[in-house]
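Have a look at the structure below, then the notes.
The values are calculated or read from the model by the stated rules, or taken from the named source; none is laboratory data. Because the structure is predicted, anything quoted here is derived from the model rather than measured. Cβ atoms come from the backbone with ideal geometry, glycine included; neighbour counts cover every protein chain shown. We work out accessible area using only protein heavy atoms, side chains counted, and drop any ligands, DNA or RNA first. Shrake-Rupley method; radii C 1.70, N 1.55, O 1.52, S 1.80 Å.
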Amino acid sequence: MASTIPLEDNINMLQQYVEYFPDFPKPGILYKDVLSLLSHIDGIKLLEKILKQISDQLRGKVDCIAMLETRGFIFAPILALQLNVPCIPVSKKGNLPGPVIEMSYILEYGEDILTVQLNSITKGQKIFIVDDFLATGGTLEAASKLIEKAGGEIIQGLVLMEKLELEGRKRLNFPMISLMSE
C-alpha cells in the first residue's frame, strides 16, 4: 500500500533521526550525522518509505542505479529493488575487480581516483546516481563524468544531505534530490 503522507512531509520527519556532534571533526564544526537514522528502526522504515516514493517518480525513466562508495551502497539497493533495475558500484581505485575505467578528481586536501567496472554500463543507459552527502560536488561531478565516459547518461541524483553554502550543485549537469540540507 502506498504511503498517504506526502514525500515532503516524510522528508521533514526524517530530520528527527539526525544526531548532532559539536566540535567534530574539529573545533567549531557542528557535525550532522545523517547515518544515525540507521540506528533507529523507525528511521530505517521512514527512509524506506521515502525511497519508495522517489522510486515511484522514477519508474520507467531509469535503467540502473549508480551507487557511490561507501555510503551510497547503503541506500541505492533499496531504490534498485523498487525499480527492478541493477546497481553499479562506483568505487575508489583498487576496490573493484576486473577491468575498470577511472577518473581522477581533486579533493579539498588532495586528489583521488574513482573507478567503475568496464562492462557495467552500456551505451545510452539512463542512470540515477546515489550518494550520502553533497558538499563541494567534486565526487559527484567526477562520478558523473566517469559514467558518461563509460557511455551512461545521468538523468538525476540523490543525496541524503546537502551543504548548501558550498554550492556543490552548481558543478553538476543533472538535477539533484536532497533529502536534507544545511
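Some points to look at:
- Entry remark, the range 89-105: residues being outside any strand (DSSP E or B), on the phi < 0 side of the Ramachandran plot and open to solvent by 60 Å² or more (accessible area, probe 1.4 Å) number 4 in total.
- Within the range 33-80, being farther than 22 Å from Glu182 by Cβ and assigned to a strand (DSSP E or B) holds for Cys64, Ile65, Ala66, Met67.
- Checklist (1) crowded, with 21+ Cβ neighbours inside 10 Å; (2) more than 11 Å from Thr115 (Cα to Cα) applied to Asn84, failing item: (1)
- Note on the range 5-32: residues that are closer than 13 Å to Leu46 by Cα and either in a loop (DSSP other than H, G, I, E, B) or among the aliphatic types (A, V, I, L, M) (or both) total 7.
- Only listed residue being under 26 Å from Ile11 (Cβ atoms), of a type in the set (A, V, I, L, M, F, W, C) and free of Cβ contacts under 8 Å to residues at least 40 places away in the same chain, chosen from Ala135, Ala66: Ala135
- Scanning the range 15-71 for residues that are touching a strand residue (DSSP E or B) at 6+ places or on another chain (Cβ under 7 Å), over 30 Å from Gly94 (Cα atoms) and hydroxyl-bearing (Ser, Thr, Tyr) yields a count of 1.
- Every condition in (1) more than 13 Å from the chain's Cα centre (by Cα); (2) among the charged types (D, E, K, R); (3) closer than 29 Å to Ile50 by Cβ is met by Glu111 except one, and the failing one is (3).
- Just one residue in the set Ile5, Ile54, Ile29 is in contact (Cβ under 8 Å) with a residue 24 or more places away in the chain and either charged (D, E, K, R) or surrounded by fewer than 17 Cβ atoms within 10 Å (Cβ to Cβ) (or both); that residue is Ile5.
- For beta carbons closer than 8 Å, sequence separation of 6+ or different chains, a first residue in the range 105-117 that is without any contact (Cβ under 8 Å) to a residue 12 or more places away in the chain and a second that is in a strand (DSSP E or B) and hydroxyl-bearing (Ser, Thr, Tyr), the qualifying pairs are Glu111/Ser104; Glu111/Tyr105.
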